[in-house]
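Comments concern the structure below.
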Number of protein chains: 2
Amino acid sequence: MVDRPGARVRAAVVGTGLIGGSVLLRMVAAGVDVVGWDPDEATRRETRRAGVPAPDRLVEAVADRDVVFLCGPLPTLPATLVEVAAMTGERCVLTDVGSTKEQVAAFAAAQGLTHRFVPGHPMAGTDRAGLTAARADLLTGAAWVLCPAPGPATTAFRWLAELLVELFEARVVPMSATEHDSAAALASHVPHLLAGALAGAVQRAPLRDAILALAAGSFSDGTRVAGTPADRTANMLLGNRDRVLRELAEVTAFLDDLTAALRADDAPSLTARYDEARASRAALRDRRFDAYDRQFPAGGDHAAEVSWLRELGVAGGHLTGLHVDADTVSYAARRPVAD
Amino acid sequence: MVDRPGARVRAAVVGTGLIGGSVLLRMVAAGVDVVGWDPDEATRRETRRAGVPAPDRLVEAVADRDVVFLCGPLPTLPATLVEVAAMTGERCVLTDVGSTKEQVAAFAAAQGLTHRFVPGHPMAGTDRAGLTAARADLLTGAAWVLCPAPGPATTAFRWLAELLVELFEARVVPMSATEHDSAAALASHVPHLLAGALAGAVQRAPLRDAILALAAGSFSDGTRVAGTPADRTANMLLGNRDRVLRELAEVTAFLDDLTAALRADDAPSLTARYDEARASRAALRDRRFDAYDRQFPAGGDHAAEVSWLRELGVAGGHLTGLHVDADTVSYAARRPVAD
C-alpha cells in the first residue's frame, strides 16, 4: 500500500460492467496505472480496444496491485473475494461496489480479510448495463458508502477514502454495514419494489397503450429503475431481503393511511398526510451542511475514530477529505444542520 | 368562434398558477390576444407586471373571448364553469386543465354546456406551484388530452385541438372522460400515492438523515411528485377516488407477487416478474408510431368521427394536426405500431 493515493497508485478493476467500467474509465482519465478484468472475453477485448490493459488471466490483472475494485454481480462476490485475496499481498486493499453490505462484510470477516477489505457502495447508476454504458463521470461527486472497522482495517479505510475523494470527488459516507443496509432498504431497495409493481401493473393493464400515451413525469420517474436489468434488481433485493420486507411494511403502513383518508373522502386528513410526506422531499432539497475538521491519533485501536465515522454517516454527513501524517489523521467532514 | 386558430384568437386564462400561468405565457409569446385573471389580487398584479392584461373583475377578462382556459383548483371548477359560461357567448369555447375529467364532463352536461365545454388535461407539470413557477415552454410538446363528444361539441373539439397543436405543439390525445380517468389512474394518480407512501415512510424513519444521504436516483425519482403541493394532490386523488383505489389494487397485487418471490428466496421467479415489469418501460422507450391521415364529413352528427377519435386515444395514439374546410375535416394522426 502506498502512503499517498493518486497517480502512483496501481489499481485493478475486476468485473467491468456499468459500475466497474465507470470506475475503470475514471481512473484511466486520472492517469492511474489501472488494468481491467472481466470473465467475459468479449468485454476484455472491448477494454483493450479502449487502450486499457485487460489480461486474460485474473491473476495477471490483480497481482502486485495496491487496490482491487471488485465490481462483478453480487452472487459472484464471495468467490471472487477469496480468489483475489489469495492472488494479492497483505498490503493490497480490496473493496467492492455491491448494493448490500452486511453479507459481504460478514463473509470477509469469516475469511480473515477485514483488515484489508473495505466494503463499499457508490450511490449512482443508470438503468443500463455493461461496459458500453459505463462513463468516466458516472460516479463523479456521488455519495460513496465505505464501512470502517476498528484495528488495522482503519488504515485501509483511510487510504481508500482519500483515494475516492481524490479520484471521484466522492462524498464518502462512513457507515456500519448494518446501518448501510437499513438505510439502503428505504433509499434504494424498496423504491425498486414500488417501481417494479407499478411498471408490472401497467404492463398487465388493458389500457396499457393509453397509459403510456399519458405517461408524463410521475409514471416515468416512478418506474425508471424498473428498467434496470431484472437479475441485478433481484440479486440486490435478495441480498437484503429481511430489511427490505421490514421497510416495505413501513411504506405500506403509510400507504394504508393515505388510502384510508382517500376512501373516507377525508380531504383534510389526506392533505395532512401529504404534508408529512412532503417534509422529507423538502429536507432532501433544503439540506444545508456545516463543514468541520476532526483529528484522531494515527495509531492505537481507532475505536473512537470508527465510532465517530459511523455516527457521521448515520447523521447524514460525509467526508470531503482526510490527511494522515505520522501522529494524526485529520478528517474534513460535512454534517447536515438540524431542521 | 373564429374559423382559424392562431394569432387572431382572443383568449382568456382563468386561474394563473403553474399550469394556467404557463398557458398564458405561451400564448403571450405566440402573439395571441390573451388576458389573465386570478382570484388572488397579488397574482393579478404580478400578471400585469409581466405586461399581460389582468382585469380585476372576471367578467372583464372573459367577455367577448373566443376561448377561456379554466385553470383553477379542481374543487372550484364547477362554480367557475357556470360563472364563466354565463359571462360568455354561445360561440366561446371553454376548456379546463384538471387532472380528472369524468366529474367535470358530467357536470358540464348537466348544465347544458357540452356543446362548448371541451374537457382537457395537459400531461405536464412540476412539483412547484404558482405563477412564479410557470414557464412558456412547460406544456410545449406535451400529451394533451381532449374529450370529444358527438353533435355540436365536435366543432368545439376540432377548433380547440387545432389551436393546441398550433400554439403548444401539443400531441392531442382524444379520449372519453371515462377512459381518461381510467388511464390517468395508473399513469399519474397511483404513482402519486406510491411516491407519498415512500416519502412519508422516510420522513418517519429513525434513519431519515442517513437515507437522504444515500438518496440517489431511485428514491429521488420515486418521490419527486410527493413534493407537489399537498392539497393539489389530495384534490386530484379525491376527484378519481374509486378508479384510483381499483388500480392501486392491481399495483399491490403485482407487489405481492414480487414480495412472495423475495420472501421465498426465489430468484428465478423474482427475475421473471421484473422482466415482465421491464416490458412496459421498454414499450414506453421503444414506441414507434405510424403517421396517417383520416377524413370525415365536416357536417352530420360526427358519431363516426368521435368513435374514431376515442379509439385513437385508447390505442395510445394522438393527433398532430387537423384541417377543416366546407365539406371535410382532415386529421393527421400517429398511432403506435404493435410490439
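Peptide B:229-240 has a mean shielding of 5, counted as Cβ atoms of other protein chains within 10 Å of each residue's Cβ.
In the assembly of identical copies, B:ASP301 has its label point, taken 7 Å from Cα in the direction of the beta carbon, separated from the corresponding points by 9.0 nm (ascending, one decimal). When the Cα positions of B:GLY299, B:ALA185, B:GLY36 are compared along the charge dipole of chain B, B:GLY36 comes out farthest toward the positive end, with charges on each C-beta of Lys, Arg, Asp and Glu. Using Cβ point charges alone (K and R +1, D and E -1), the dipole size of segment A:1-131 about the Cα centre works out to roughly 320 debye.
Ranked for footprinting exposure by Cβ neighbours inside 10 Å, fewest first, B:GLU169, B:GLU276 give B:GLU169, B:GLU276.
Among B:VAL52, B:GLY196, B:THR95, flag the residue with its Cα farthest along the positive direction of the charge dipole of chain B, charges on Cβ as +1 for Lys/Arg and -1 for Asp/Glu. Of the listed residues, the answer is B:VAL52. Charge dipole (Cα centre; +1 on Lys/Arg Cβ, -1 on Asp/Glu Cβ; no other charges) of segment B:97-248 amounts to roughly 240 debye.
Normalised by the number of residues in chain A, the mean separation of alpha-carbon contacts (under 8 Å, six or more apart) gives a relative contact order of 16 percent. Note on chain A: Cα Rg divided by 2.2 N^0.38 Å, N the number of residues, gives 1.07.
Taken over segment B:204-336, the ratio of Cα radius of gyration to 2.2 N^0.38 Å equals 1.58.
When both bridge partners sit in segment A:10-175, DSSP labels roughly 15% of those beta bridges antiparallel. Here is the tail figure for segment B:71-130: Cα pairs spaced more than 16 Å apart come to 41 percent of all pairs. Ranked by the mean number of other Cβ atoms within 10 Å of their residues, highest first, the peptides A:34-41, A:281-288, A:152-159 come out as A:152-159, A:34-41, A:281-288.
Principal axis analysis of the Cα atoms in segment A:103-164 yields extents of 38, 24, 15 Å, listed in decreasing size. Here the protein assembly as shown yields Rg over Rh of 1.05, to two decimals, using C-alpha coordinates and the Kirkwood radius.
Each of A:SER330, B:SER176 was scored by other Cβ atoms within 10 Å of its Cβ. Listed from fewest to most, they are A:SER330, B:SER176.
Within 10 Å of the Cβ of each residue in B:265-275, the mean number of Cβ atoms contributed by other protein chains is 5.
Of all DSSP bridge pairs formed entirely within chain A, close to 50 percent run antiparallel.
A quarter of the convex hull surface defined by the alpha-carbon atoms of segment B:10-175 gives 8.3 nm² as the mean projection. Note on segment A:145-264: Kirkwood hydrodynamic radius from all Cα pairs is 17.2 Å, rounded to one decimal. Kirkwood radius for segment B:55-95, taken over all pairs of different Cα atoms as the inverse mean of 1/r, rounds to 10.4 Å. Rounded to the nearest 20, the size of the Cβ-charge dipole of segment A:138-205 about its Cα centre is 240 debye, with Lys and Arg at +1 and Asp and Glu at -1. Placing a pseudo-label 7 Å from each Cα along the Cα-to-Cβ vector at A:ALA249 and A:ARG10 gives an inter-label distance of 5.1 nm. How many angstrom lie between the C-alpha centres of segment A:127-177 and segment A:80-112? Cα centres, segment A:127-177 to segment A:80-112: 15 Å. Note on segment B:1-99: Rg/Rh from Cα positions, Kirkwood definition for Rh, rounded to two decimals, is 0.93. Across peptide A:120-130, the average count of Cβ atoms from other chains found within 10 Å of a residue's Cβ is 2.
Here the sum of -39500 (n - 2.57) over DSSP H runs of 4 or more residues, divided by the residues of the protein assembly as shown, equals -14500 deg cm²/dmol at 222 nm, to the nearest 500. Across segment A:109-258, C-alpha contacts under 8 Å between residues 6 or more apart give a mean separation that, scaled by the residue count, equals a relative contact order of 24 percent.
Between the Cα long axis of helix A:241-263 and the first principal axis of chain A there is an angle of about 20°, rounded to the nearest 10. Mind jotting down the distance between the C-alpha centroids of segment B:221-249 and segment A:186-254, whole Å? First find each Cα centre; the distance between them is then 17 Å. A protection proxy built from the mean count of other Cβ atoms within 10 Å ranks the segments A:139-151, B:84-96, most packed first, as A:139-151, B:84-96.
On the beta carbon distance between A:ARG128 and A:ARG288, with R0 = 51 Å, the FRET formula returns roughly 0.95. Between 0 and 90 degrees, rounded to the nearest ten: what's the tilt of helix A:153-168 against the longest Cα principal axis of chain A? Computed tilt is about 70 degrees.
Shortest first, B:ALA282 label-point distances to identical copies amount to 4.3 nm, with the label point at 7 Å from Cα along Cα→Cβ. Mean sequence separation of contacting Cα pairs (under 8 Å, at least six apart), scaled by the length of segment B:10-175, corresponds to a relative contact order of 24 percent. Taking amide hydrogens as placed 1.01 Å from N in the peptide plane, the amide H of B:LEU322 sits under 5 Å from those of B:ALA332, each at least 5 positions away in sequence or on another chain.
Rounded to the nearest 5, the antiparallel percentage of DSSP beta bridges internal to the protein assembly as shown is 50%. Plainly put, the tip 7 Å out from Cα toward Cβ on A:GLY112 is 9.4 nm from that tip on each other copy, the closest given first. Between helix B:18-29 and chain B there is an angle of about 50 degrees, using the helix long axis and the longest principal axis of the Cα atoms.
Every number here is computed from the coordinates shown, using simple stated rules; none is lab data. Bear in mind that the values here come from a model prediction, so they are computed numbers and not experimental data. Cβ sites come from the backbone with ideal geometry, for glycine too, and all protein chains shown count toward neighbours.
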